[in-house]
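To start, the structure itself, in structure tokens.
The values are calculated or read from the model by the stated rules, or taken from the named source; none is laboratory data. Keep in mind that what you see is a predicted model, and the values were worked out from it rather than measured. Here Cβ is always computed from backbone atoms with ideal geometry, including for glycine, and neighbour counts include all displayed protein chains. Areas reflect the complete protein model, heavy atoms only, side chains present, ligands, DNA and RNA absent. Shrake-Rupley method; radii C 1.70, N 1.55, O 1.52, S 1.80 Å.
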Amino acid sequence: MSLPPYPTGPERGGAEGRPPVPPMPQQHAPQPSYPPQPTQQFPSHAPQPNASGSPKPARTRGITWWQGLMVGVAALLAIALPVSGGVYYMANARLIADRQSVADYTPSDNIASLVERADLNDVGTFIFYTSHPELNTANEFNTACGIRPEQFLLGCYTGETIHLYDVTEERLDGLREVTAAHEMLHAAFDRLDTASQDHLGDLLEKAYEEHGDDPELAERMDAYAVSQPGTRITELHSIIGTEFADLDPELETYYKRYFNDRSVVVDLHASYMKVFSDLEQQTTDLSNQILALADEIESDTATFNADQTQLNTDIDAFIAKNQAYGYSGDPAGFDADKAALIARDSELETRRTAINDKTTRLGDLQQQLRDLDADAQALNRSIDSTIVPGEGI
């Protein structure tokens, strides 16, 4: 006896108004270079970090005919199968539970949109929906994921539920989709047998070494080692799968289990990260301009002050010479020296104006830098669930 297949859809709400449900992934689909997986297993390890143990949300919609069928079949398998069926149930308990979990779940339009934009395939969608993903407000997210003030997370997989912080900053379009795919890959890794996890670990460590010149990645992995020890491989599994292009062919083949086109989610990640990198580059460029201009003003001012002092000395000498009748009988000499002093004073006034203009320009650049800093802080606040809106950083 076998479970009936999922619809070949997925349905998009036809005449019967059925919700979108992914087809059942093929359990024994061949995967090159990977050990065969005769059964799905319950994980022997603890749930993913930050599991809060919170119960699944209450269902708010009525059960449909296909949901009833899935629940009924699962119950029948649990209590009324012959011996051979009971063996099948025991060997496939996780898969059966996942099917029932998906049958129980009706994704919101926002959740379904994440699936579509991340370009998850049927298997990726199925695994994502087994965890009943939720988009949460800051307080909901912090409570569900057990977020501490020193932590900075955008999503968590508790082993039962995927929680996503509902970031609404328009400039960070794609961030929720990448986070959803990241957490889906945690749930996928959770469902692999030990041999597959170990083999993936070797491939992922190799990929990490190939990106050894990425200080941000190294910093993230060091932080995980401190805050969430024992999660290195599952985190690499999610990070590399959603953020890095041009992987080893075997890894690329593996990730095709979950994505129609993995480059879609990688491009989304690159797009919103560019917002931060562009802002950082603007800040760096502006800071360099400010430093260069400040040095220029300091140098110009020092030279100006020295020349002004010399002019004052020469004017005093001219006056003293005149008062001592030094120009008696030499009106042409008097006029020439006087004209030279006036010209020098005029040239110094022009330089004084230029220095003042540069000082004004420096003030403008400094204000631009403050504006950029405020913008960067606003972006950081928009993705930090531990910051209460209105209280600043």
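What the table shows:
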read-out: The lone exception for residue 200 - which of (1) open to solvent by less than 10 Å² (accessible area, probe 1.4 Å); (2) at positive phi; (3) out of contact with any Ser or Thr (no Cβ under 7 Å at 6 or more places or on another chain) it fails; value: (2)
read-out: Filter pass, residue 274 being under 58 Å from the mean Cα position of the chain (by Cα) and of a type in the set (Lys, Arg); value: yes
read-out: Qualifying position, being modelled with pLDDT of 90 or more and under 18 Å from the mean Cα position of the chain (by Cα), among 160, 169, 205; value: 169
read-out: Index of the failed condition, residue 354 passing every other in (1) open to solvent by less than 50 Å² (accessible area, probe 1.4 Å); (2) over 30 Å from residue 284 (Cα atoms); (3) among the small types (Gly, Ala, Ser); value: (2)
read-out: Boolean, residue 160 is touching a residue at least 40 places away in the same chain (Cβ under 8 Å), acidic (Asp, Glu), open to solvent by 30 Å² or more (accessible area, probe 1.4 Å) and outside any strand (DSSP E or B); value: yes
read-out: Residues that are polar (S, T, N, Q), touching a Leu at 6+ places or on another chain (Cβ under 9 Å) and either under 20 Å from residue 357 (Cα atoms) or open to solvent by 50 Å² or more (accessible area, probe 1.4 Å) (or both), drawn from segment 272-311; value: 282, 287, 289, 308
read-out: Odd one out for residue 338, checked against (1) at pLDDT below 95; (2) open to solvent by 60 Å² or more (accessible area, probe 1.4 Å); (3) more than 54 Å from the chain's Cα centre (by Cα); value: (1)
read-out: Answer from 253, 242, 234 - the residue that is assigned to a helix (DSSP H, G or I) and more than 18 Å from residue 183 (Cβ to Cβ); value: 253
read-out: Segment 113-137, residues that are open to solvent by 20 Å² or more (accessible area, probe 1.4 Å), in a helix (DSSP H, G or I) and among the hydrophobic types (A, V, I, L, M, F, W, C); value: 123
read-out: Pair list, Cβ under 9 Å, 6 or more apart: segment 213-241 residue farther than 15 Å from residue 153 by Cβ, other residue assigned to a loop (DSSP other than H, G, I, E, B) and open to solvent by 50 Å² or more (accessible area, probe 1.4 Å); value: 218/212; 230/45; 230/46
read-out: Filter pass, residue 230 being open to solvent by 60 Å² or more (accessible area, probe 1.4 Å) and not hydrophobic (A, V, I, L, M, F, W, C); value: yes
read-out: Selection within segment 302-318 - under 23 Å from residue 334 (Cβ atoms) and of a type in the set (Gly, Ala, Ser); value: 317
